[in-house]
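To keep things clear, I will list the structure first and then write my remarks on it.
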Amino acid sequence: MSGRVRLGVNIDHVATVRNARGGVHPDPVRAAREALAAGADGITAHLREDRRHITDTDIEALSDLCAEAGRPLNLEMAVTDEMLAIALRHRPHAACLVPERRDEVTTEGGLAVAGHEARIGPVAKALADVGVRVSLFIEPSIEQVEAAHAVGAQVVEFHTGRYCHLSGDDRAIEFDRLQAAASRAVDLGLEVHAGHGLDYETAADMMGIAEVRELNIGHFLIGEAVFVGLTNAIHRMRAAMDRACEATA
Ligand code: PXP
């Protein structure tokens with residue numbers, strides 16, 4: 001596997017800050033524009049059922065921005081009829097199906113695809129039928145990878161939250177799990193992405209898995225932007241990924 005690993009920037013948390021005051025500042029669309037100018041390969045946004053950060057209006061503006069810039073919009077969405085209708089209307093480059101619970105702080109754990117093929121399969125098919133690239137946000141397990149393949153996904157995004165929270169030997173074991181799941185995914189013809197909780201160090205670690213083609217990073221970059229600005233945070237992330245890629249090449 002070769003080539004530059006793409007960096008998708010998730011701008012949800014800009015909307016979280018905006019919504020804290022109910023106004024228009026800071027504008028996530030302006031952040032997305034700055035992220036693209038800083039070298040982000042695409043924009044990721046999660047339209048939640050409760051609209052706690054990104055709103056329907058934001059999605060419309062982000063769709064226009066990404067179309068203008070010729071860069072992909074990756075819409076993260078729960079597997080619901082409402083979200084499917086919105087995705088079919090906007091037809092983003094990609095839709096990443098995620099689990100969603102109203103009381104969670106963030107996306108906790110991956111989508112249980114195995115055992116829920118009958119619910120997820122038709123949604124994946126409806127999206128694929130209109131040309132949306134279907135990604136499933138899953139735990140790095142062989143069972144989930146095989147189920148993702150069975151329902152017709154083109155991409156699996158591995159939830160790296162567990163990896164980021166662990167340390168020492170436990171982290172090494174989780175890395176092996178990510179590597180094994182990534183190898184199986186590529187064997188089945190799936191593209192491999194990774195995301196959740198990544199910072200400069202853990203994003204660099206992910207470059208040690210040659211199958212990974214894209215990282216989607218939000219919370220850390222938006223947090224870092226408070227200290228160094230969004231453009232610098234993205235440049236530093238890009239440099240950390242590139243350095244790690246060169247070191248493992
Ligand atoms: N990928 C997916 C599928 C997610 O749900 C999220 C969180 O919204 C991310 C990536 C980014 O995670 P973080 O904000 O922790 O970088």
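Only one of these conditions is not met by residue 149: (1) away from the ligand (no atom under 14 Å from the Cβ); (2) more than 23 Å from residue 79 (Cβ to Cβ); (3) not small (Gly, Ala, Ser). Which number is it?
Unmet for residue 149, out of (1) away from the ligand (no atom under 14 Å from the Cβ); (2) more than 23 Å from residue 79 (Cβ to Cβ); (3) not small (Gly, Ala, Ser): (2).
Every residue in region 3-30 that is of a type in the set (A, V, I, L, M), within 15 Å of residue 57 (Cα to Cα) and within 13 Å of the ligand (Cβ to nearest atom), please. Break it down stepwise before answering.
Restricting attention to region 3-30, the residues satisfying the condition of being of a type in the set (A, V, I, L, M) are 5, 7, 9, 11, 14-15, 17, 20, 24, 29.
Retained after the next criterion (residues that are within 15 Å of residue 57 (Cα to Cα)): 11, 14-15, 24, 29.
The answer is 11, 14, 15.
For region 199-222, what are the residues that are farther than 14 Å from residue 7 by Cβ and open to solvent by 30 Å² or more (accessible area, probe 1.4 Å)?
Within region 199-222, 201, 205, 208, 210, 211, 219 qualify.
List every residue pair whose Cβ atoms sit under 7 Å apart, with the two residues 6 or more apart in sequence or on different chains, where the first one lies in region 1-29 and is closer than 11 Å to residue 53 by Cα and the second, anywhere, is within 16 Å of the ligand (Cβ to nearest atom) and open to solvent by 80 Å² or more (accessible area, probe 1.4 Å).
So the pair list comes out as 13/219.
Being open to solvent by 40 Å² or more (accessible area, probe 1.4 Å) and among the hydroxyl-bearing types (Ser, Thr, Tyr) is the filter here; which residues of region 132-161 pass it?
Selection gives nothing.
Just checking, does region 85-99 include any residue being part of a helix (DSSP H, G or I) and within 16 Å of the ligand (Cβ to nearest atom)?
Applying the first criterion (part of a helix (DSSP H, G or I)) to region 85-99 yields 85-90.
With the extra rule that they be within 16 Å of the ligand (Cβ to nearest atom), the set shrinks to 87.
Checking region 85-99: at least one residue is part of a helix (DSSP H, G or I) and within 16 Å of the ligand (Cβ to nearest atom).
Residue 108: acidic (Asp, Glu), under 30 Å from residue 163 (Cα atoms) and touching a helix residue (DSSP H, G or I) at 6+ places or on another chain (Cβ under 8 Å), yes or no? Can you show your working first?
Values: acidic (Asp, Glu): yes; under 30 Å from residue 163 (Cα atoms): yes; touching a helix residue (DSSP H, G or I) at 6+ places or on another chain (Cβ under 8 Å): yes.
Considered against the rule, which asks whether it is acidic (Asp, Glu), under 30 Å from residue 163 (Cα atoms) and touching a helix residue (DSSP H, G or I) at 6+ places or on another chain (Cβ under 8 Å), residue 108 comes out as yes.
The values are calculated or read from the model by the stated rules, or taken from the named source; none is laboratory data. The structure presented is a predicted model; accordingly, all values stated were derived computationally and were not measured. Using ideal geometry, Cβ is built from the backbone for each residue, glycine included, and neighbour counts are taken over all protein chains shown. What goes into the accessible areas is simple: the full protein's heavy atoms, side chains included, and nothing from ligands, DNA or RNA. Shrake-Rupley method; radii C 1.70, N 1.55, O 1.52, S 1.80 Å.
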